[in-house]
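Working notes, structure below.
None of the figures in this text is laboratory data; all of them are computed from the coordinates on show. Bear in mind the structure is a predicted one, so any value in this text is a computation, not a measurement. No Cβ is skipped: glycine too gets one built from the backbone with ideal geometry, and neighbour counts run over all protein chains shown.
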Amino acid sequence: MPQIVLVYPQIPPNTGNVARTCAATNTELHLVKPLGFEISDRYLKRAGLDYWPYVKLYDHDNFKEFQTYHQQRGGRLVGFSAKGASNYTKFQYQTNDWLLFGSE
């Protein structure tokens with residue numbers, strides 16, 4: 001199962017929406033600090049609705065800590081960018097991919 005990684009997320013509702021999708025798909029969500037909000041932010045919680053208890057949430061103090069964690073678990077890091085050379089719909093995903101999204 002792929003994992004979702006948000007690096008330095010800034011907008012609480014965006015993170016909440018991703019968390020809700022992760023809960024619905026049983027996908028782990030990794031947040032890499034610093035965050036642009038507090039985990040207790042009301043907008044974050046509202047966007048996640050009642051799904052927060054079902055989110056497999058991991059937080060990492062910085063990108064280096066995340067990299068160490070990722071190396072221990074293995075799998076490919078697949079970065080997403082508006083300036084990427086490949087279209088995400090044509091990419092060959094693998095089961096153990098880590099889908100990496102940067103700050104909004």
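Below, the figures for the structure above:
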{"item": "Within the range 15-26, considering residues that are under 15 Å from PRO53 (Cβ atoms) and within 10 Å of the chain's Cα centre (by Cα), the one surrounded by the most Cβ atoms within 10 Å (Cβ to Cβ)", "result": "ALA19"}
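Every residue, every condition in (1) hydroxyl-bearing (Ser, Thr, Tyr); (2) surrounded by 13 or more Cβ atoms within 10 Å (Cβ to Cβ), yes or no:
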site	(1), (2)
PRO53	no, no
LEU57	no, yes
THR68	yes, no
GLN72	no, no
LEU99	no, yes
GLU104	no, no
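The rows are residues; the columns are (1) among the β-branched types (Val, Ile, Thr); (2) within 15 Å of GLY102 (Cα to Cα).
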site	(1), (2)
ILE4	yes, yes
VAL7	yes, yes
THR25	yes, no
GLU28	no, no
PRO34	no, yes
THR68	yes, no
GLN71	no, no
ALA82	no, yes
SER86	no, no
